[in-house]
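A short write-up of the structure that comes next.
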């Protein structure tokens, strides 16, 4: 099963905001608009906005909450926003395209693409965005590939923005890691169970089940990133790094000025990972 199919299967049971027309989706979009307002206050973004036009690429975009909210905030400030959005789920891209046209009054470009291959779009962007707490889907090897690709997709002085939460603090130090967990109990009643750990990739494996729509449990592996290591990884690929606190442990990690010392073509997965689908 490919990554896109696994993600589609996972989000069919995991409680997440993927319908912009639902009441929860509308509330989530309002929160996102507030976050993007904070992003526009950052000096790097203000400097980029002074040019009057921003070309934006949202990776792992889903239904487009992040990219559409950012484009809307830019439009309100009189900055022209050209938005391209990618994901591995065709259904999410269709929702994003429909919603963007209604919300922004214009069509956006969409592409079915692995975020680790952003450079293959063959375009240069002013800002690359990953919004929606997507980093758990990337183990450390994946994140290196992602950052190399994002750097190649940006122009000189371009800005990378990753929404991140400090899971080491929030999960391990505050709540404690749960071997069995009720993930949601509203529209869905989703529970998850720890079922494994991969020491080579650092990922935990859990199986998810929606008790209101019984079926086969859905398997997903994730990496529990903390804020510091994501910022440090970004620092390896960008000349400048900064943080914008959104609320509690939730932040934007910003990188500006891709170093381009290590290109995506330079990366070949080591033998210890090749049996796990590596290149």
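The values are calculated or read from the model by the stated rules, or taken from the named source; none is laboratory data. All of these numbers come straight from a predicted model, not from anything done at the bench. Don't worry about glycine lacking a Cβ; one is built from the backbone with ideal geometry, like all the others, and counts go over all protein chains shown.
In the set 70, 33, 57, 74, only one residue is without any contact (Cβ under 8 Å) to a residue 40 or more places away in the chain, touching a helix residue (DSSP H, G or I) at 6+ places or on another chain (Cβ under 8 Å) and more than 30 Å from residue 215 (Cα to Cα); that residue is 74.
Yes/no per residue for (1) free of Cβ contacts under 8 Å to residues at least 24 places away in the same chain; (2) within 25 Å of residue 160 (Cβ to Cβ); (3) over 22 Å from the mean Cα position of the chain (by Cα); (4) assigned to a strand (DSSP E or B):
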position: 208; (1), (2), (3), (4): no, no, no, yes
position: 240; (1), (2), (3), (4): no, yes, no, yes
position: 262; (1), (2), (3), (4): no, yes, no, no
position: 268; (1), (2), (3), (4): yes, yes, yes, no
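Can you find, within segment 105-120, the residue that is surrounded by the fewest Cβ atoms within 10 Å (Cβ to Cβ) among those that are part of a loop (DSSP other than H, G, I, E, B) and at pLDDT 95 or above? The qualifying residue surrounded by the fewest Cβ atoms within 10 Å (Cβ to Cβ) is 114. The combined condition, being assigned to a strand (DSSP E or B), under 22 Å from residue 3 (Cα atoms), at pLDDT below 95 and in contact with a strand residue (DSSP E or B) (Cβ under 8 Å, 6 or more places away or on another chain), is fulfilled by residue 190. When segment 1-60 is filtered for residues that are under 30 Å from residue 186 (Cα atoms) and in a strand (DSSP E or B), only 58 remains.
From the list 216, 182, the one residue that fits, being at pLDDT below 95, over 13 Å from residue 135 (Cβ atoms), part of a strand (DSSP E or B) and over 23 Å from the mean Cα position of the chain (by Cα), is 182. Exactly one residue out of 93, 127 is touching a strand residue (DSSP E or B) at 6+ places or on another chain (Cβ under 9 Å) and free of Cβ contacts under 8 Å to residues at least 40 places away in the same chain, and it is 93. Whether any residue in segment 136-143 is in contact with a strand residue (DSSP E or B) (Cβ under 6 Å, 6 or more places away or on another chain) and in contact (Cβ under 8 Å) with a residue 40 or more places away in the chain is what I want to check. Scanning segment 136-143 turns up at least one residue that is in contact with a strand residue (DSSP E or B) (Cβ under 6 Å, 6 or more places away or on another chain) and in contact (Cβ under 8 Å) with a residue 40 or more places away in the chain.
Does residue 235 satisfy being surrounded by 12 or more Cβ atoms within 10 Å (Cβ to Cβ), touching a residue at least 12 places away in the same chain (Cβ under 8 Å) and in a helix (DSSP H, G or I)? It is true that residue 235 is surrounded by 12 or more Cβ atoms within 10 Å (Cβ to Cβ), touching a residue at least 12 places away in the same chain (Cβ under 8 Å) and in a helix (DSSP H, G or I).
For segment 41-68, the set of residues classified as buried (at least 24 other Cβ atoms within 10 Å of the Cβ) and farther than 13 Å from residue 161 by Cα consists of 62, 63, 64, 65, 68, listed by residue number.
Of the residues 240, 183, which is farther than 20 Å from residue 44 by Cα and either in the same structural domain as residue 36 (by TED's automatic domain parsing) or crowded, with 18+ Cβ neighbours inside 10 Å (or both)?
Numbers: 240 fails: farther than 20 Å from residue 44 by Cα.
Step by step, each of 240, 183 is checked, and only 183 is farther than 20 Å from residue 44 by Cα and either in the same structural domain as residue 36 (by TED's automatic domain parsing) or crowded, with 18+ Cβ neighbours inside 10 Å (or both).
Filtered by the rule that a residue be under 20 Å from the mean Cα position of the chain (by Cα) and over 17 Å from residue 110 (Cβ atoms), segment 43-71 gives 45, 54.
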